[in-house]
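Sharing a structure below in structure tokens format, with a few things to ask.
The values are calculated or read from the model by the stated rules, or taken from the named source; none is laboratory data. Just so it is clear, the structure is predicted and the values come from calculations on it, not from any experiment. When we count neighbours, we look across all protein chains shown, and the Cβ atoms used for this are built from the backbone with ideal geometry, even at glycine.
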Amino acid sequence: MSAPGIALLDPQQAGVFFVLDEDLAPLEAAARATGLAVRRIDLRACRDKATLLDRFADALGTPDGQGRNWDALSDQLRDLGWMPAPGYVLLLPAAADLRDADEAGFDTLLDILDEAAVDWQARDVPFWAFLALPDADFPEQADAAAR
């Protein structure tokens, strides 16, 4: 993926995407240049739901008293009223750590992120989630690099 090739301000293109770790820096730079709110949620060594929810709460700066469960995360990602912006970009490095340790939790996270993106899209606000996976998860790129 190449940051210049996507229109970060277009809610119709926004959603949940798998990228390489090396894609995160240009995506972050492009998002910041367009004025979008950017949050990095490092999933390195994240192996369970509790750790994941803590990292999201810390990165998003969720208001005190907000729950730490799947429903609360879903609600928080579809609200973000405490963080007003023209759009949102979540960068999630090392997503394979969670995927490999807790596949069900990873799948639930993907569902929640997708629901949030669709909800924001209906309000004409871009919401992006970029989950970085290892090169090996992108065999077509590995094949191209070998040529």
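Answer with yes or no whether Leu24 is out of contact with any Gly (no Cβ under 6 Å at 6 or more places or on another chain), part of a loop (DSSP other than H, G, I, E, B) and surrounded by 12 or more Cβ atoms within 10 Å (Cβ to Cβ).
no
Ok, one more. I want to confirm something. Restricting to the range 1-19 and keeping residues that are of a type in the set (A, V, I, L, M) and either farther than 23 Å from Ala96 by Cβ or modelled with pLDDT of 95 or more (or both), which single residue is surrounded by the most Cβ atoms within 10 Å (Cβ to Cβ)?
Filtering first and then ranking leaves Ala14.
Specify which of the listed residues (Asp107, Asp42, Asp114, Asp23) is touching a strand residue (DSSP E or B) at 6+ places or on another chain (Cβ under 6 Å) and within 15 Å of Phe130 (Cα to Cα).
Asp114
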